[in-house]
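Below: one structure in structure tokens.
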Amino acid sequence: MLFGKLSVLALYHRVFTFATRFMKWGVISTGALTVLWFTTGTLGVFLECRPLYTIWTESCLPSKSSSIVFAAVNFATDIVVLVLPQRVIWKLNRSPRERLAISGLFLLGIL
């Protein structure tokens, strides 16, 4: 999940070349949040299991509440990554039909 989101953010950086200050800080902050959340979630799973080798057995599974929180934050960052370029797309000097088509292409990532 981490590298997928970071690759999409890198694509935004390349395609939009930080067209606006909003896009620049949106890409940077979303990338930083994604890396930090993945790191804390991974550490949480590893530190929850004692002794450490039980991570690879069914005797140590993450708690239900931590799994729900991890999934919710991942979903939220997915939505942010999908919505982030929409503001720039709708300011393009194109017809509304073309902007809708471009916007739809970027929103296909939800599938």
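So what's the stretch 50-111 giving for Rg/Rh, alpha carbon basis, Kirkwood Rh from the mean inverse pair distance?
1.33
While we're on this one: Can you figure out the FRET efficiency of residue 69 with residue 32, using R₀ = 25 Å and their beta-carbon distance, to the nearest 0.05?
The value I calculate is 0.85.
Could you tell me the calculated FRET efficiency between residue 42 and residue 105, based on Cβ-Cβ distance and R0 = 25 angstrom, to the nearest 0.05?
Result of the calculation: an efficiency of 0.20.
Taking each full run of DSSP H in the chain as one helix, which ones are at least 18 Å long along their axis (Cα atoms) and have mean Kyte-Doolittle hydropathy of at least 0.0?
Those that pass (Cα extent of 18 Å or more, hydropathy at least 0.0) are 2-16, 21-48, 64-83.
Only one of the listed values, (1) 23, 14, 12; (2) 21, 20, 11; (3) 36, 14, 10, was derived from the coordinates as semi-axes √(5λ) of the Cα gyration tensor in Å; which label is it?
Step by step, semi-axes √(5λ) of the Cα gyration tensor in Å for this structure corresponds to label (3).
I'd like the carbon and sulfur percentage of the solvent accessible area for the chain, probe radius 1.4 Å, heavy atoms only, ligands and nucleic acids excluded.
C and S atoms contribute 71 percent here.
Just the number please: accessible area per residue for the chain, 1.4 Å probe, all protein chains included, in Å².
Per-residue accessible area for the chain comes out at 71 Å².
The values are calculated or read from the model by the stated rules, or taken from the named source; none is laboratory data. As the structure is a prediction and not an experimental result, all values here were calculated from the model. Every residue, glycine as well, gets a Cβ built from its backbone with ideal geometry; the counts of neighbours run over all protein chains shown. The protein model used for the area step is the full one, side chains on, heavy atoms only, and it has no ligands, DNA or RNA in it. Shrake-Rupley method; radii C 1.70, N 1.55, O 1.52, S 1.80 Å.
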